[in-house]
Amino acid sequence: MAEVTQVERPVKLAANFPEIAIEGVTKKFREGATALENVSFGVEKGEFVSLLGPSGCGKSTLLKLVAGLSSVTEGTVTVNGMTPKNARELVSFIFQDATLLPWRTVERNVGLGLELERVARPTREETVRQMLKVVGLEKVAKRYPRQLSGGMKMRVSIARALVSRPRILLLDEPFAALDEMSRDRMNEELLRLYLEQQWTVMFVTHSVAEAVFLSTRIVILAPHPGRVAHVEEVRLPWPRTEETRMTEEFEHEVGRISRLLRGVKSGEAREVA
Amino acid sequence: MKRQLWLAANSLVVFLLLLVVWQVAVKALHVPAYMLPGPRAVARAVVERFGSLEQSFLLTAEEAVVGLLASIAVGVAVSLMFAQFSLLRRVLYPYTILLQTVPIVAIAPLILMWAGPGLISVAMVAFLICLPPMIANTTQGLVSVEENLVHLFLMHKATPMQVLLQLRLPHALPNLFVGIRISAGIAVIGAITGELFAGSSRVGEGGLGYSILYASGQLETDYLFALVAAAAVLGFVFFFAGMFLEWYFLHNWHEGSRLETQE
């Protein structure tokens, strides 16, 4: 399932060990609609995989299955060899909106996970302090979410996800609500953290440019019912910076992926890759 | 701030004007005092009988407070149960609406019969009238939590208790305070209604409702007016106490509960 690749990888891989394995997954909703049909692919340790596809292709549903927030109708999802529910300790989920608790200050939002897991207060506060520094929010630690901009809220959300030291990060269109400038900046920051922390990442997005900039591989899903249409290596060197977006290679990759995506949208790609 | 003072001054002027018109009309048209006393007569009644007026005021306040606090405690407890057990909610929720539609004056005599006259039965009437808005609002807040927030808690292996007390309950606070504000207003009405039936164990002494009944029986119309005014003041006090609590607990994080005068 894991493809042989000549593409340079930013994070050294354990030999072909799929950290996330999705095999023959079908998801039907109670109302009878089929969200996903016979979806199979693997995500290796240290990979950054984006899920791309038109709305209705079930990409968010797939992410929820990996998080164990929803269960498969057929097939299996394993995370680090475990069921998704048992693997939750390794996983952090970042939602489309910041999903902050408005009654908690920034620092108490960031510490939420540790609090729920009953980590002792001194450890908790120290970890939170460090993490706020990492995302550059130490100055607003005592503020409430309503006093923050959209970008800052998202930063808090990311800090909260990182505090529990995940190995696997699942992101569901996390920057969709941000303006392009903040979005680009958040992407660069996410990549910096990814290289530093060596996570395995699954990232749902609508934006081809975002997917190309961030990913080692892109999975393109086709809709109605959701299925894998293409699995593409991103041919773009590491490390990627602000400058990467200006290069011809980047333009070219975005063009290539966009064409594949357009094919899926117009129904040309009926074959499962 | 200036603008609000100006508005307050205007309301005061209108109030004083009304008093003047009232006084002049009563004098000019020779209305008998037992039908409609003038404001000066009412003021005199307030001063002369301040002791008993104060006593009635405090008694009614006490009954309303007991009823209100009980409705908050029971209302929140029932709502938490409803939020945790959706089957329970679906089966029992219609009855809380039923409770709201049964006219309180119809059950008040029953309560008097069961609990006997005095503070307990009056507070019970206030409690019953306060309970439905408490349950309806609090439950609404508890169950309307965004799905992703619940997911977030589940990702951290939160127990159902943690989801209830650390997510649903704080999320429901704004609704809970709406419930308290509504109930605070009607608690006084409930207590006075209760007193009309279950007033007092001693003749001539009781809360505002009881005294209103007594004063009208004695044709002490000036004192009756004083009692009505006292009841209105009591209602105001409760309402603003509820508003203050809401502001005090929520103004840090909840948009709707911040006073507009902050800028």
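The values are calculated or read from the model by the stated rules, or taken from the named source; none is laboratory data. Computed from a predicted structure; not experimentally measured. Reconstructed Cβ throughout: ideal geometry from the backbone, glycine too, with neighbour counts over all protein chains shown. Heavy atoms of the whole protein, side chains included, go into the accessibility calculation; ligands, DNA and RNA do not. Shrake-Rupley method; radii C 1.70, N 1.55, O 1.52, S 1.80 Å.
Within region A:222-241, residues that are polar (S, T, N, Q) reach no partner that is buried (at least 18 other Cβ atoms within 10 Å of the Cβ) and modelled with pLDDT of 85 or more with beta carbons closer than 8 Å at six or more positions or on different chains. For region B:142-165, the set of residues classified as more than 20 Å from A:D97 (Cα to Cα) and more than 7 Å from chain A (Cβ to nearest Cβ) consists of B:L142, B:T159, B:P160, B:M161, B:L164, B:L165, listed by residue number. Restricting the first member to region B:39-66 and to residues that are farther than 16 Å from B:S121 by Cα and in a helix (DSSP H, G or I), and the second to residues that are open to solvent by less than 80 Å² (accessible area, probe 1.4 Å) and β-branched (V, I, T), the beta-carbon pairs closer than 8 Å and six or more apart or on different chains are B:L53/B:V46; B:F57/B:V233.
Taken over region B:78-101, residues that are open to solvent by 60 Å² or more (accessible area, probe 1.4 Å) and within 25 Å of the chain's Cα centre (by Cα) amount to 9.
Pull up region A:131-144, narrow it to residues that are more than 23 Å from the chain's Cα centre (by Cα) and surrounded by 13 or more Cβ atoms within 10 Å (Cβ to Cβ), then point me to the one that is nearest to the other protein chains (Cβ to nearest Cβ). So the residue we want is A:Y144.
Taking the conditions exactly as written (farther than 20 Å from A:T205 by Cβ, open to solvent by less than 10 Å² (accessible area, probe 1.4 Å) and not in a helix (DSSP H, G or I)), does A:L101 satisfy them or not? Judged against the criteria, A:L101 is a match. Taking (1) touching a residue at least 24 places away in the same chain (Cβ under 8 Å); (2) open to solvent by 20 Å² or more (accessible area, probe 1.4 Å) in turn, B:F177 satisfies each apart from (2). Give the residues of region A:87-119 that are under 18 Å from A:I168 (Cα atoms), of a type in the set (G, A, S) and more than 9 Å from chain B (Cβ to nearest Cβ), sorted by residue number. Once the filter is applied, which keeps residues that are under 18 Å from A:I168 (Cα atoms), of a type in the set (G, A, S) and more than 9 Å from chain B (Cβ to nearest Cβ), region A:87-119 yields only A:A87. If you take the residues in region A:106-130 that are open to solvent by less than 20 Å² (accessible area, probe 1.4 Å) and under 18 Å from B:L169 (Cα atoms), which one is nearest to the chain's Cα centre (by Cα)? Among them, the one singled out is A:G113.
The set of residues in region B:5-38 being open to solvent by less than 90 Å² (accessible area, probe 1.4 Å) and touching a residue at least 60 places away in the same chain (Cβ under 8 Å) consists of B:A33, B:L36, B:P37.
Could you check region A:152-182 and list, in sequence order, the residues that are of a type in the set (S, T, Y) and at pLDDT 90 or above? Matches in region A:152-182: A:S157 only. Can you confirm whether B:L219 is surrounded by fewer than 22 Cβ atoms within 10 Å (Cβ to Cβ), away from chain A (no Cβ under 14 Å) and not aromatic (F, W, Y)? Yes.
With respect to the conditions (1) within 7 Å of chain B (Cβ to nearest Cβ); (2) over 19 Å from the mean Cα position of the chain (by Cα), A:T76 lacks only one, and its number is (1). In this structure, A:E196 does satisfy being without any contact (Cβ under 8 Å) to a residue 12 or more places away in the chain and closer than 22 Å to A:L132 by Cβ. Across region A:107-142, what is the number of residues that are in a helix (DSSP H, G or I), touching a residue at least 40 places away in the same chain (Cβ under 8 Å) and over 18 Å from B:H156 (Cα atoms)? Residues that pass the stated criteria total 1. Looking at A:S149, A:S55, A:S60, A:S40, just one residue is within 20 Å of B:L154 (Cβ to Cβ) and either open to solvent by 10 Å² or more (accessible area, probe 1.4 Å) or within 12 Å of chain B (Cβ to nearest Cβ) (or both), and that residue is A:S60. Scanning region B:214-228 for residues that are more than 10 Å from B:A45 (Cβ to Cβ), of a type outside the set (V, I, T) and assigned to a helix (DSSP H, G or I) returns B:Y214, B:S216, B:G217.
Against the conditions (1) without any contact (Cβ under 8 Å) to a residue 40 or more places away in the chain; (2) within 12 Å of chain B (Cβ to nearest Cβ); (3) open to solvent by less than 40 Å² (accessible area, probe 1.4 Å); (4) in a helix (DSSP H, G or I), A:P84 satisfies every one except (4). Being part of a helix (DSSP H, G or I), closer than 20 Å to B:L152 by Cβ, touching a Pro at 6+ places or on another chain (Cβ under 9 Å) and modelled with pLDDT of 85 or more is a property that A:S92 lacks. Right, B:A187: within 13 Å of chain A (Cβ to nearest Cβ) and open to solvent by less than 10 Å² (accessible area, probe 1.4 Å) or not? For B:A187, the condition - within 13 Å of chain A (Cβ to nearest Cβ) and open to solvent by less than 10 Å² (accessible area, probe 1.4 Å) - is not met. Taken together, B:Q162, B:Q166 contain a single residue that is closer than 20 Å to A:N109 by Cα, open to solvent by less than 50 Å² (accessible area, probe 1.4 Å) and assigned to a helix (DSSP H, G or I), which is B:Q162.
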